[in-house]
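What follows is one structure encoded as C-alpha coordinates, with my remarks underneath.
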Amino acid sequence: MDFFNSLFSKKASSKDVAKDRLKLVLIHDRVNCSTQILEMLKNDILKVISNYMEIDDDDLDFQIVHTSTESNENVPVLYANIPIKNMRKSMY
Amino acid sequence: MGEVIVITSGKGGVGKTTASANIGTGLAMLGKSVVMIDADIGLRNLDVVLGLENRIVYDLIDVIEGNCRIKQAFIKDKRYSNLFLLPAAQTKDKTAVSPEQMLKLCNSLREEYDFIIIDCPAGIEQGFNNATAGADRAIVVTTPEVSAVRDADRIIGLLESKDLKNPTLILNRIRQDMVKRGDMMAIEDVTEILAIDILGVVPEDEAIVISSNKGEPAVTDDSSRAGKAFRNITKRITGEEVPIMDLSADRGLLSKMKKLLRFGS
Amino acid sequence: MNNSVVFKGRKRGIVIVLDKDIPFSELIVDFKQKVLQAKSFFGDSKASITFQGRALSTDEEKQLLDIIFKETGLNISFVDNGYDYKSLDSEGYGYIDPDENSTIYHKGSLRSGQAIVYAGSVVVIGDVNPGGEVIAEGNIIILGSLKGLAHAGCAGNKGCFVSAYQLRPTQLRIANIITYIPKEFAKKNKIRFEPSVAYIKGGQIYIAPLV
(Lines give C-alpha, C1' and ligand atoms only; values in the text may rest on other atoms or scores of the structure.)
Protein backbone atom coordinates (compact mmCIF):
# COMPACT_ATOMS: atom_id res chain seq x y z
CA MET A 1 0.00 0.00 0.00
CA ASP A 2 2.80 2.36 0.89
CA PHE A 3 4.35 1.58 -2.41
CA PHE A 4 1.22 2.60 -4.28
CA ASN A 5 0.81 5.65 -2.19
CA SER A 6 4.23 6.86 -3.02
CA LEU A 7 3.57 6.22 -6.69
CA PHE A 8 0.24 7.94 -7.01
CA SER A 9 -0.07 10.48 -4.25
CA LYS A 10 1.18 13.94 -4.97
CA LYS A 11 4.75 14.23 -3.73
CA ALA A 12 5.44 16.96 -1.20
CA SER A 13 7.15 19.80 -3.02
CA SER A 14 10.78 20.36 -2.12
CA LYS A 15 9.87 23.79 -0.84
CA ASP A 16 7.60 22.25 1.80
CA VAL A 17 10.31 19.83 2.79
CA ALA A 18 12.71 22.74 3.15
CA LYS A 19 10.24 24.68 5.22
CA ASP A 20 9.53 21.80 7.58
CA ARG A 21 13.19 21.03 8.05
CA LEU A 22 13.95 24.68 8.68
CA LYS A 23 11.27 24.98 11.31
CA LEU A 24 12.73 22.07 13.24
CA VAL A 25 16.29 23.25 12.93
CA LEU A 26 15.28 26.70 14.14
CA ILE A 27 13.49 25.36 17.21
CA HIS A 28 16.73 23.67 18.06
CA ASP A 29 18.85 26.74 17.29
CA ARG A 30 16.66 29.15 19.16
CA VAL A 31 16.63 26.99 22.25
CA ASN A 32 20.29 26.14 22.06
CA CYS A 33 21.60 29.61 21.76
CA SER A 34 20.66 30.59 25.30
CA THR A 35 23.08 28.71 27.53
CA GLN A 36 23.08 31.71 29.79
CA ILE A 37 19.34 31.48 30.23
CA LEU A 38 19.62 27.76 30.84
CA GLU A 39 22.10 28.45 33.63
CA MET A 40 19.78 31.03 35.21
CA LEU A 41 16.85 28.63 34.92
CA LYS A 42 18.87 25.88 36.57
CA ASN A 43 19.79 28.08 39.51
CA ASP A 44 16.21 29.19 39.99
CA ILE A 45 14.86 25.64 39.91
CA LEU A 46 17.51 24.41 42.32
CA LYS A 47 16.68 27.22 44.69
CA VAL A 48 13.05 26.16 44.79
CA ILE A 49 13.81 22.46 45.12
CA SER A 50 16.30 23.14 47.88
CA ASN A 51 13.47 24.50 49.96
CA TYR A 52 12.03 21.03 50.14
CA MET A 53 14.90 18.60 49.64
CA GLU A 54 18.58 18.23 50.11
CA ILE A 55 20.12 17.68 46.71
CA ASP A 56 23.49 16.54 45.44
CA ASP A 57 25.05 19.54 43.73
CA ASP A 58 27.90 17.56 42.21
CA ASP A 59 25.84 15.05 40.31
CA LEU A 60 23.39 17.37 38.59
CA ASP A 61 22.44 16.93 35.00
CA PHE A 62 20.58 19.75 33.37
CA GLN A 63 20.10 20.06 29.62
CA ILE A 64 17.76 20.47 26.70
CA VAL A 65 17.36 17.30 24.69
CA HIS A 66 15.25 16.28 21.75
CA THR A 67 12.79 13.47 21.98
CA SER A 68 9.93 12.16 19.95
CA THR A 69 6.41 12.44 21.25
CA GLU A 70 3.24 10.94 19.85
CA SER A 71 2.20 14.09 18.11
CA ASN A 72 5.57 15.39 17.05
CA GLU A 73 8.71 13.72 15.83
CA ASN A 74 11.32 15.90 17.39
CA VAL A 75 10.64 18.33 20.19
CA PRO A 76 13.03 19.94 22.62
CA VAL A 77 12.56 18.85 26.22
CA LEU A 78 14.06 20.27 29.37
CA TYR A 79 15.77 17.31 31.01
CA ALA A 80 16.84 17.53 34.63
CA ASN A 81 18.40 14.79 36.69
CA ILE A 82 18.65 15.99 40.28
CA PRO A 83 19.80 13.39 42.81
CA ILE A 84 18.04 13.77 46.15
CA LYS A 85 20.06 13.23 49.30
CA ASN A 86 17.36 13.73 51.84
CA MET A 87 14.07 15.43 52.44
CA ARG A 88 14.15 18.53 54.54
CA LYS A 89 12.46 17.35 57.72
CA SER A 90 12.08 20.76 59.17
CA MET A 91 9.37 21.42 56.63
CA TYR A 92 7.01 19.10 58.39
CA MET B 1 21.30 63.82 11.43
CA GLY B 2 22.13 60.83 9.30
CA GLU B 3 21.18 57.21 9.69
CA VAL B 4 23.62 54.32 10.02
CA ILE B 5 22.41 51.12 8.38
CA VAL B 6 24.27 47.82 8.62
CA ILE B 7 23.73 45.20 5.92
CA THR B 8 24.29 41.73 7.24
CA SER B 9 23.40 38.08 6.68
CA GLY B 10 25.44 35.63 8.70
CA LYS B 11 26.01 33.36 5.75
CA GLY B 12 28.45 34.40 3.06
CA GLY B 13 27.61 34.66 -0.60
CA VAL B 14 23.96 35.65 -0.29
CA GLY B 15 24.50 39.14 -1.67
CA LYS B 16 25.44 41.46 1.19
CA THR B 17 28.02 43.33 -0.81
CA THR B 18 25.81 43.50 -3.88
CA ALA B 19 22.97 44.80 -1.71
CA SER B 20 25.26 47.36 -0.03
CA ALA B 21 26.58 48.66 -3.34
CA ASN B 22 23.11 48.92 -4.85
CA ILE B 23 21.48 50.47 -1.81
CA GLY B 24 24.30 52.99 -1.37
CA THR B 25 24.22 53.94 -5.04
CA GLY B 26 20.42 53.92 -5.09
CA LEU B 27 20.26 56.36 -2.17
CA ALA B 28 22.79 58.60 -3.90
CA MET B 29 20.58 58.51 -7.02
CA LEU B 30 17.77 59.88 -4.87
CA GLY B 31 20.03 62.81 -4.03
CA LYS B 32 21.08 61.69 -0.56
CA SER B 33 24.66 62.07 0.65
CA VAL B 34 25.95 58.58 1.33
CA VAL B 35 29.07 56.98 2.79
CA MET B 36 29.56 53.28 2.27
CA ILE B 37 31.89 51.53 4.70
CA ASP B 38 33.35 48.15 3.82
CA ALA B 39 33.74 46.51 7.22
CA ASP B 40 35.01 43.23 5.81
CA ILE B 41 38.61 43.75 6.80
CA GLY B 42 41.04 41.44 5.08
CA LEU B 43 38.47 40.42 2.47
CA ARG B 44 37.47 43.67 0.87
CA ASN B 45 35.02 43.51 -2.01
CA LEU B 46 32.81 46.55 -2.08
CA ASP B 47 35.51 48.48 -3.96
CA VAL B 48 35.55 46.06 -6.90
CA VAL B 49 31.78 45.81 -7.09
CA LEU B 50 31.68 49.61 -7.38
CA GLY B 51 34.63 49.68 -9.80
CA LEU B 52 36.72 51.85 -7.48
CA GLU B 53 39.49 49.40 -6.60
CA ASN B 54 42.27 51.26 -8.38
CA ARG B 55 41.70 54.51 -6.50
CA ILE B 56 42.34 53.24 -3.00
CA VAL B 57 45.12 54.95 -1.12
CA TYR B 58 43.99 54.90 2.50
CA ASP B 59 41.51 52.57 4.17
CA LEU B 60 39.33 52.14 7.24
CA ILE B 61 42.27 51.02 9.40
CA ASP B 62 44.30 54.07 8.36
CA VAL B 63 41.42 56.26 9.48
CA ILE B 64 41.05 54.45 12.78
CA GLU B 65 44.78 54.43 13.47
CA GLY B 66 44.95 58.12 12.60
CA ASN B 67 47.30 57.74 9.62
CA CYS B 68 45.03 60.00 7.62
CA ARG B 69 41.94 62.14 7.97
CA ILE B 70 38.58 60.52 7.26
CA LYS B 71 38.05 62.47 4.06
CA GLN B 72 41.46 61.54 2.69
CA ALA B 73 40.40 57.92 2.76
CA PHE B 74 37.06 58.57 1.04
CA ILE B 75 36.84 57.53 -2.59
CA LYS B 76 34.36 59.56 -4.52
CA ASP B 77 32.14 57.49 -6.77
CA LYS B 78 32.60 57.71 -10.55
CA ARG B 79 28.98 58.59 -11.23
CA TYR B 80 27.60 60.29 -8.15
CA SER B 81 29.52 63.05 -6.45
CA ASN B 82 27.47 62.65 -3.25
CA LEU B 83 28.53 59.00 -2.83
CA PHE B 84 31.70 57.95 -1.04
CA LEU B 85 33.39 54.68 -0.22
CA LEU B 86 35.55 54.04 2.82
CA PRO B 87 37.34 50.85 1.78
CA ALA B 88 38.42 48.02 4.03
CA ALA B 89 42.08 47.21 4.57
CA GLN B 90 43.15 44.17 2.62
CA THR B 91 46.40 43.25 4.31
CA LYS B 92 45.43 43.66 7.95
CA ASP B 93 43.17 41.62 10.14
CA LYS B 94 39.95 42.54 11.83
CA THR B 95 41.39 42.74 15.33
CA ALA B 96 42.82 46.09 14.21
CA VAL B 97 39.37 47.63 14.81
CA SER B 98 37.25 47.67 17.94
CA PRO B 99 33.49 48.21 18.22
CA GLU B 100 34.13 51.41 20.19
CA GLN B 101 36.20 52.84 17.36
CA MET B 102 33.52 51.98 14.81
CA LEU B 103 30.87 53.61 16.98
CA LYS B 104 32.95 56.76 17.20
CA LEU B 105 33.50 56.80 13.44
CA CYS B 106 29.79 56.31 12.71
CA ASN B 107 28.82 59.07 15.10
CA SER B 108 31.15 61.55 13.46
CA LEU B 109 29.93 60.64 9.94
CA ARG B 110 26.31 60.85 11.02
CA GLU B 111 26.76 64.59 11.57
CA GLU B 112 27.49 65.25 7.94
CA TYR B 113 25.90 62.61 5.73
CA ASP B 114 22.33 61.42 5.22
CA PHE B 115 23.14 57.71 5.16
CA ILE B 116 26.04 55.56 6.27
CA ILE B 117 25.79 52.07 4.77
CA ILE B 118 27.97 49.41 6.41
CA ASP B 119 28.76 46.21 4.53
CA CYS B 120 29.12 43.61 7.28
CA PRO B 121 31.42 40.59 6.91
CA ALA B 122 29.97 37.07 7.00
CA GLY B 123 30.05 35.32 10.35
CA ILE B 124 29.11 36.28 13.87
CA GLU B 125 32.56 37.06 15.26
CA GLN B 126 34.39 40.31 15.83
CA GLY B 127 33.79 41.59 12.30
CA PHE B 128 30.07 41.38 12.94
CA ASN B 129 30.42 43.13 16.29
CA ASN B 130 32.43 45.92 14.68
CA ALA B 131 30.03 46.40 11.79
CA THR B 132 26.95 46.57 13.99
CA ALA B 133 28.45 48.71 16.76
CA GLY B 134 27.45 52.09 15.35
CA ALA B 135 24.28 51.05 13.51
CA ASP B 136 20.81 52.52 14.01
CA ARG B 137 19.12 49.82 12.03
CA ALA B 138 19.91 46.58 10.33
CA ILE B 139 18.98 44.99 7.04
CA VAL B 140 19.28 41.22 6.86
CA VAL B 141 19.93 39.70 3.44
CA THR B 142 19.03 36.10 2.76
CA THR B 143 18.28 33.78 -0.13
CA PRO B 144 15.44 31.24 -0.14
CA GLU B 145 17.71 28.37 0.88
CA VAL B 146 17.63 26.50 4.17
CA SER B 147 21.22 27.31 5.12
CA ALA B 148 20.86 31.04 4.43
CA VAL B 149 17.52 31.30 6.25
CA ARG B 150 18.89 29.45 9.24
CA ASP B 151 21.85 31.84 9.48
CA ALA B 152 19.54 34.81 8.99
CA ASP B 153 17.52 33.64 12.00
CA ARG B 154 20.67 33.43 14.10
CA ILE B 155 21.70 36.92 12.99
CA ILE B 156 18.28 38.37 13.78
CA GLY B 157 18.60 36.97 17.30
CA LEU B 158 22.06 38.48 17.72
CA LEU B 159 20.91 41.84 16.33
CA GLU B 160 18.06 41.93 18.81
CA SER B 161 20.41 41.18 21.67
CA LYS B 162 22.47 44.19 20.51
CA ASP B 163 19.35 46.37 20.66
CA LEU B 164 19.03 46.52 16.90
CA LYS B 165 15.34 45.74 17.13
CA ASN B 166 13.10 45.18 14.14
CA PRO B 167 15.64 44.43 11.44
CA THR B 168 14.10 44.21 7.97
CA LEU B 169 14.64 41.52 5.37
CA ILE B 170 15.83 41.49 1.79
CA LEU B 171 15.06 38.22 0.07
CA ASN B 172 17.60 37.90 -2.69
CA ARG B 173 17.91 35.73 -5.76
CA ILE B 174 14.31 34.59 -5.96
CA ARG B 175 13.48 32.52 -9.03
CA GLN B 176 9.78 32.84 -9.69
CA ASP B 177 9.69 29.80 -12.00
CA MET B 178 11.01 27.61 -9.19
CA VAL B 179 8.64 29.16 -6.66
CA LYS B 180 5.73 28.33 -8.97
CA ARG B 181 6.86 24.74 -9.27
CA GLY B 182 7.05 24.51 -5.50
CA ASP B 183 10.79 24.01 -5.53
CA MET B 184 11.72 27.28 -3.90
CA MET B 185 10.41 28.94 -0.78
CA ALA B 186 8.28 31.98 -1.54
CA ILE B 187 8.37 35.35 0.22
CA GLU B 188 5.56 34.31 2.58
CA ASP B 189 7.34 31.08 3.51
CA VAL B 190 10.49 32.90 4.54
CA THR B 191 8.77 35.75 6.36
CA GLU B 192 6.58 33.23 8.19
CA ILE B 193 9.67 31.44 9.49
CA LEU B 194 11.75 34.49 10.33
CA ALA B 195 8.86 36.65 11.51
CA ILE B 196 10.32 39.97 10.41
CA ASP B 197 9.15 42.66 8.01
CA ILE B 198 10.20 42.40 4.41
CA LEU B 199 12.05 45.36 2.94
CA GLY B 200 12.29 43.98 -0.55
CA VAL B 201 12.56 41.04 -2.88
CA VAL B 202 15.25 40.82 -5.53
CA PRO B 203 14.85 38.40 -8.41
CA GLU B 204 17.75 36.31 -9.63
CA ASP B 205 19.12 38.34 -12.51
CA GLU B 206 22.07 37.96 -14.85
CA ALA B 207 22.41 41.73 -14.76
CA ILE B 208 23.84 41.42 -11.24
CA VAL B 209 26.77 39.33 -12.48
CA ILE B 210 27.27 41.53 -15.52
CA SER B 211 27.12 44.72 -13.49
CA SER B 212 29.66 43.52 -10.94
CA ASN B 213 31.92 42.42 -13.81
CA LYS B 214 31.81 46.00 -15.02
CA GLY B 215 31.93 47.61 -11.61
CA GLU B 216 28.61 49.37 -12.15
CA PRO B 217 25.80 48.56 -9.70
CA ALA B 218 22.64 47.17 -11.33
CA VAL B 219 20.52 49.82 -9.61
CA THR B 220 21.72 52.29 -12.27
CA ASP B 221 20.51 49.98 -15.05
CA ASP B 222 16.94 50.81 -16.07
CA SER B 223 16.41 47.54 -17.91
CA SER B 224 17.49 45.29 -15.04
CA ARG B 225 14.79 43.70 -12.88
CA ALA B 226 17.15 43.36 -9.95
CA GLY B 227 18.07 47.00 -10.46
CA LYS B 228 14.39 47.96 -10.24
CA ALA B 229 14.01 45.89 -7.09
CA PHE B 230 16.91 47.79 -5.50
CA ARG B 231 15.47 51.13 -6.61
CA ASN B 232 12.27 50.17 -4.82
CA ILE B 233 14.23 49.12 -1.74
CA THR B 234 16.04 52.45 -1.52
CA LYS B 235 12.75 54.31 -1.83
CA ARG B 236 11.35 52.26 1.05
CA ILE B 237 14.44 53.07 3.12
CA THR B 238 13.71 56.77 2.66
CA GLY B 239 10.18 56.17 3.89
CA GLU B 240 8.30 56.05 0.60
CA GLU B 241 5.67 53.34 0.26
CA VAL B 242 6.30 51.13 -2.74
CA PRO B 243 4.44 47.86 -3.26
CA ILE B 244 6.52 44.67 -3.41
CA MET B 245 7.37 43.91 -7.02
CA ASP B 246 5.27 41.34 -8.85
CA LEU B 247 7.90 38.84 -9.81
CA SER B 248 5.71 36.79 -12.07
CA ALA B 249 4.93 39.70 -14.40
CA ASP B 250 7.21 39.44 -17.38
CA ARG B 251 8.99 36.27 -16.43
CA GLY B 252 5.77 34.45 -17.33
CA LEU B 253 5.76 35.79 -20.83
CA LEU B 254 9.42 35.00 -21.29
CA SER B 255 9.08 31.40 -20.22
CA LYS B 256 6.01 31.03 -22.42
CA MET B 257 8.04 32.16 -25.38
CA LYS B 258 10.83 29.79 -24.45
CA LYS B 259 8.35 26.96 -24.29
CA LEU B 260 6.99 27.85 -27.68
CA LEU B 261 10.45 27.87 -29.17
CA ARG B 262 11.32 24.55 -27.63
CA PHE B 263 8.06 23.10 -28.91
CA GLY B 264 8.81 24.26 -32.42
CA SER B 265 12.31 22.84 -32.62
CA MET C 1 71.97 83.24 2.08
CA ASN C 2 72.45 81.64 -1.29
CA ASN C 3 70.14 78.73 -1.87
CA SER C 4 71.36 77.51 -5.23
CA VAL C 5 72.83 74.42 -3.53
CA VAL C 6 71.11 72.64 -0.65
CA PHE C 7 72.35 69.54 1.15
CA LYS C 8 69.95 67.16 2.79
CA GLY C 9 70.87 64.15 4.87
CA ARG C 10 68.76 61.09 4.19
CA LYS C 11 68.73 57.67 5.75
CA ARG C 12 70.68 56.10 2.93
CA GLY C 13 72.81 58.97 1.73
CA ILE C 14 72.96 62.62 0.89
CA VAL C 15 70.59 64.48 -1.37
CA ILE C 16 71.96 67.59 -3.07
CA VAL C 17 69.33 69.89 -4.48
CA LEU C 18 70.64 72.15 -7.25
CA ASP C 19 69.12 75.34 -8.61
CA LYS C 20 68.04 74.80 -12.19
CA ASP C 21 68.04 78.42 -13.34
CA ILE C 22 71.53 79.80 -12.72
CA PRO C 23 74.40 79.05 -15.16
CA PHE C 24 76.54 76.05 -14.33
CA SER C 25 79.66 78.20 -13.93
CA GLU C 26 77.97 80.07 -11.07
CA LEU C 27 76.55 76.93 -9.62
CA ILE C 28 79.90 75.24 -9.37
CA VAL C 29 81.32 78.16 -7.38
CA ASP C 30 78.41 78.00 -4.94
CA PHE C 31 78.77 74.26 -4.81
CA LYS C 32 82.44 74.35 -3.84
CA GLN C 33 81.72 76.93 -1.16
CA LYS C 34 78.90 74.84 0.26
CA VAL C 35 81.01 71.68 0.28
CA LEU C 36 83.74 73.45 2.21
CA GLN C 37 81.22 74.79 4.72
CA ALA C 38 79.65 71.41 5.11
CA LYS C 39 82.80 69.36 5.42
CA SER C 40 81.78 68.12 8.82
CA PHE C 41 78.36 67.22 7.50
CA PHE C 42 79.94 64.79 5.07
CA GLY C 43 82.38 63.28 7.55
CA ASP C 44 84.40 60.48 6.06
CA SER C 45 81.69 57.90 5.82
CA LYS C 46 80.53 55.87 2.93
CA ALA C 47 77.46 57.38 1.33
CA SER C 48 75.39 57.60 -1.76
CA ILE C 49 74.70 60.92 -3.37
CA THR C 50 71.56 61.97 -5.16
CA PHE C 51 71.45 65.09 -7.27
CA GLN C 52 68.08 66.71 -7.57
CA GLY C 53 66.52 69.76 -9.11
CA ARG C 54 68.61 70.11 -12.23
CA ALA C 55 69.60 68.13 -15.26
CA LEU C 56 73.35 67.51 -15.30
CA SER C 57 75.49 66.34 -18.17
CA THR C 58 77.95 63.54 -17.43
CA ASP C 59 80.76 66.05 -17.50
CA GLU C 60 79.05 68.47 -15.12
CA GLU C 61 78.27 65.68 -12.75
CA LYS C 62 81.90 64.60 -12.79
CA GLN C 63 83.04 68.12 -11.98
CA LEU C 64 80.77 68.31 -8.97
CA LEU C 65 81.81 64.90 -7.73
CA ASP C 66 85.49 65.82 -8.11
CA ILE C 67 84.93 68.73 -5.75
CA ILE C 68 83.44 66.43 -3.15
CA PHE C 69 86.29 63.96 -3.61
CA LYS C 70 88.95 66.61 -3.25
CA GLU C 71 87.46 68.59 -0.42
CA THR C 72 86.00 65.88 1.80
CA GLY C 73 86.87 62.43 2.98
CA LEU C 74 83.58 61.15 1.70
CA ASN C 75 83.66 57.80 0.03
CA ILE C 76 80.94 57.95 -2.61
CA SER C 77 79.47 54.59 -3.28
CA PHE C 78 76.80 55.58 -5.68
CA VAL C 79 75.57 58.57 -7.59
CA ASP C 80 71.97 59.07 -8.52
CA ASN C 81 70.85 61.94 -10.61
CA GLY C 82 67.30 62.23 -9.49
CA TYR C 83 66.27 64.83 -11.99
CA ASP C 84 67.39 63.41 -15.26
CA TYR C 85 66.12 59.91 -15.36
CA LYS C 86 68.78 57.98 -17.20
CA SER C 87 67.21 54.60 -16.97
CA LEU C 88 66.15 54.25 -20.51
CA ASP C 89 69.54 54.44 -22.11
CA SER C 90 72.19 51.82 -22.05
CA GLU C 91 73.46 52.88 -18.64
CA GLY C 92 70.73 50.93 -16.93
CA TYR C 93 67.93 52.00 -14.68
CA GLY C 94 68.08 55.05 -12.54
CA TYR C 95 68.10 53.97 -9.00
CA ILE C 96 70.32 51.04 -8.29
CA ASP C 97 70.42 50.21 -4.66
CA PRO C 98 73.66 51.35 -3.02
CA ASP C 99 73.57 48.82 -0.25
CA GLU C 100 74.07 45.35 -1.55
CA ASN C 101 72.26 43.81 1.39
CA SER C 102 69.08 45.73 0.88
CA THR C 103 67.27 43.62 -1.65
CA ILE C 104 64.99 40.79 -0.71
CA TYR C 105 63.75 38.04 -2.93
CA HIS C 106 60.34 36.51 -2.59
CA LYS C 107 59.71 33.22 -4.29
CA GLY C 108 56.10 32.47 -5.07
CA SER C 109 53.08 34.56 -5.92
CA LEU C 110 51.55 37.19 -3.67
CA ARG C 111 47.85 36.57 -3.38
CA SER C 112 45.12 38.94 -2.27
CA GLY C 113 45.75 40.09 1.28
CA GLN C 114 49.46 39.31 1.24
CA ALA C 115 51.95 42.12 1.34
CA ILE C 116 55.69 42.66 1.29
CA VAL C 117 56.85 45.86 2.93
CA TYR C 118 60.60 46.39 2.87
CA ALA C 119 63.08 49.21 3.39
CA GLY C 120 65.01 48.28 0.27
CA SER C 121 64.36 46.72 -3.10
CA VAL C 122 62.09 43.75 -3.66
CA VAL C 123 62.24 41.03 -6.28
CA VAL C 124 59.19 38.82 -6.57
CA ILE C 125 59.65 35.59 -8.45
CA GLY C 126 56.01 35.01 -9.24
CA ASP C 127 52.86 37.06 -9.74
CA VAL C 128 51.33 39.78 -7.61
CA ASN C 129 47.59 39.16 -7.77
CA PRO C 130 44.86 41.79 -7.35
CA GLY C 131 44.75 42.67 -3.66
CA GLY C 132 48.41 41.76 -3.16
CA GLU C 133 50.83 44.56 -2.30
CA VAL C 134 54.54 45.20 -2.69
CA ILE C 135 55.78 48.32 -0.90
CA ALA C 136 59.48 49.07 -1.10
CA GLU C 137 61.79 51.99 -0.38
CA GLY C 138 63.81 50.90 -3.39
CA ASN C 139 62.95 49.28 -6.71
CA ILE C 140 60.40 46.58 -7.38
CA ILE C 141 61.05 43.85 -9.90
CA ILE C 142 58.39 41.27 -10.57
CA LEU C 143 59.29 38.21 -12.55
CA GLY C 144 55.66 37.58 -13.36
CA SER C 145 52.50 39.63 -13.68
CA LEU C 146 51.84 42.66 -11.54
CA LYS C 147 48.10 42.79 -11.10
CA GLY C 148 47.94 44.15 -7.56
CA LEU C 149 49.55 47.22 -6.04
CA ALA C 150 53.22 48.19 -6.22
CA HIS C 151 54.76 51.18 -4.46
CA ALA C 152 58.43 51.78 -5.26
CA GLY C 153 60.44 54.49 -3.54
CA CYS C 154 57.85 54.67 -0.79
CA ALA C 155 60.19 56.82 1.33
CA GLY C 156 60.22 59.43 -1.41
CA ASN C 157 62.95 58.38 -3.85
CA LYS C 158 61.68 59.43 -7.26
CA GLY C 159 64.42 57.56 -9.04
CA CYS C 160 62.91 54.19 -8.23
CA PHE C 161 61.26 51.99 -10.80
CA VAL C 162 58.79 49.13 -10.99
CA SER C 163 59.18 46.47 -13.61
CA ALA C 164 57.27 43.31 -14.42
CA TYR C 165 56.77 40.82 -17.21
CA GLN C 166 53.20 42.03 -17.35
CA LEU C 167 52.64 45.47 -15.91
CA ARG C 168 48.91 45.73 -15.37
CA PRO C 169 48.63 46.92 -11.76
CA THR C 170 45.41 47.77 -9.95
CA GLN C 171 47.32 50.81 -8.84
CA LEU C 172 50.92 51.93 -9.23
CA ARG C 173 52.86 54.28 -6.98
CA ILE C 174 56.37 55.63 -7.25
CA ALA C 175 57.51 57.98 -4.49
CA ASN C 176 54.50 60.27 -3.92
CA ILE C 177 52.88 59.79 -7.31
CA ILE C 178 49.87 57.52 -7.57
CA THR C 179 48.37 56.30 -10.81
CA TYR C 180 46.40 53.53 -12.44
CA ILE C 181 45.66 52.43 -15.97
CA PRO C 182 41.97 53.06 -16.63
CA LYS C 183 40.34 50.01 -18.20
CA GLU C 184 38.74 52.06 -20.96
CA PHE C 185 42.08 53.63 -21.76
CA ALA C 186 43.82 50.27 -21.96
CA LYS C 187 41.12 48.99 -24.26
CA LYS C 188 41.02 52.03 -26.50
CA ASN C 189 44.75 52.22 -26.93
CA LYS C 190 45.05 48.47 -27.33
CA ILE C 191 47.70 48.37 -24.63
CA ARG C 192 49.62 45.14 -24.78
CA PHE C 193 50.88 44.06 -21.43
CA GLU C 194 54.45 43.18 -22.25
CA PRO C 195 57.58 43.28 -20.08
CA SER C 196 57.69 46.92 -19.00
CA VAL C 197 59.21 49.36 -16.62
CA ALA C 198 57.48 52.25 -14.90
CA TYR C 199 59.42 55.31 -13.78
CA ILE C 200 58.97 58.97 -13.02
CA LYS C 201 59.80 61.59 -15.56
CA GLY C 202 58.86 65.23 -15.13
CA GLY C 203 56.50 64.51 -12.26
CA GLN C 204 54.57 61.78 -14.04
CA ILE C 205 54.78 58.02 -14.14
CA TYR C 206 55.73 56.66 -17.55
CA ILE C 207 55.59 53.07 -18.68
CA ALA C 208 57.99 51.83 -21.33
CA PRO C 209 58.61 48.38 -22.79
CA LEU C 210 61.67 46.62 -21.42
CA VAL C 211 62.73 45.01 -24.66
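The values are calculated or read from the model by the stated rules, or taken from the named source; none is laboratory data. Given the structure is predicted, the values throughout are model-derived calculations rather than measurements. Cβ atoms come from the backbone with ideal geometry, glycine included; neighbour counts cover every protein chain shown. To get the accessible areas, we keep the full protein, side chains included, count just its heavy atoms, and leave off ligands, DNA and RNA. Shrake-Rupley method; radii C 1.70, N 1.55, O 1.52, S 1.80 Å.
Points to keep in mind about this one:
- Extending 7 Å from the Cα toward the beta-carbon at both B:ALA207 and A:SER13 defines two label points whose distance is 2.6 nm.
- Across every pair of non-identical alpha carbons in the stretch A:19-60, the mean reciprocal distance, once inverted, gives a Kirkwood radius of 12.4 Å.
- Acute angle (nearest 10 degrees) that the helix B:225-237 long axis makes with the longest principal axis of chain B, alpha-carbon atoms: 50 degrees
- Point-to-point label distance, A:MET53-A:VAL77, nm (Cα→Cβ direction, 7 Å offset): 1.8 nm
- DSSP beta bridges confined to chain B are antiparallel in about 5 percent of cases.
- Whichever aspartates and glutamates have a C-alpha closer than 15 Å to that of A:LYS42, once near sequence neighbours (fewer than 8 apart) are set aside: A:ASP56, A:ASP57, A:ASP58, A:ASP59, A:ASP61
- Calculated [θ] (222 nm, deg cm²/dmol) that DSSP helices of n ≥ 4 give over chain B, each run adding -39,500 (n - 2.57): -12500 deg cm²/dmol
- Interface of B with A. Using a 1.4 Å probe and counting protein heavy atoms only, the two chains hide about 1200 Å² of accessible surface, both sides summed.
- Per-residue packing, averaged as other Cβ atoms within 10 Å, sorts the ranges B:27-33, B:14-20, C:167-173 into the order B:14-20, C:167-173, B:27-33, beginning with the highest.
- Take each residue of peptide B:155-162, count the partner chain Cβ atoms within 10 Å of its Cβ, and average: the result is 1.
- Considering only Cα atoms, the convex hull volume of chain B works out to 129 Å³ per residue.
- In nm, spacing of pseudo-spin labels at B:SER161 and C:ASN176 (7 Å Cα→C-beta vector): 5.0 nm
- Between helix B:99-110 and chain B there is an angle of about 80 degrees, using the helix long axis and the longest principal axis of the Cα atoms.
- Average partner coverage of B:47-56, which counts Cβ from other chains inside 10 Å: 3
- Per residue, the convex hull spanned by the Cα atoms of the stretch B:15-67 measures out at 89 cubic angstrom.
- Placing +1 on the Cβ of every Lys and Arg and -1 on the Cβ of every Asp and Glu, with nothing else charged, gives chain B a dipole about its Cα centre of roughly 720 debye.
- Overall dimensions of the stretch C:103-209 by Cα: Rg and Dmax, Å: 12.5, 37
- Dipole magnitude (debye, nearest 20) for the stretch B:63-130, charges at Cβ of Lys, Arg, Asp, Glu: 280 debye
- Sequence-distant aspartates and glutamates (8 or more away, or on other chains) whose Cα lies within less than 13 Å of A:LYS19: B:GLU145, B:ASP183, B:GLU188, B:ASP189, B:GLU192
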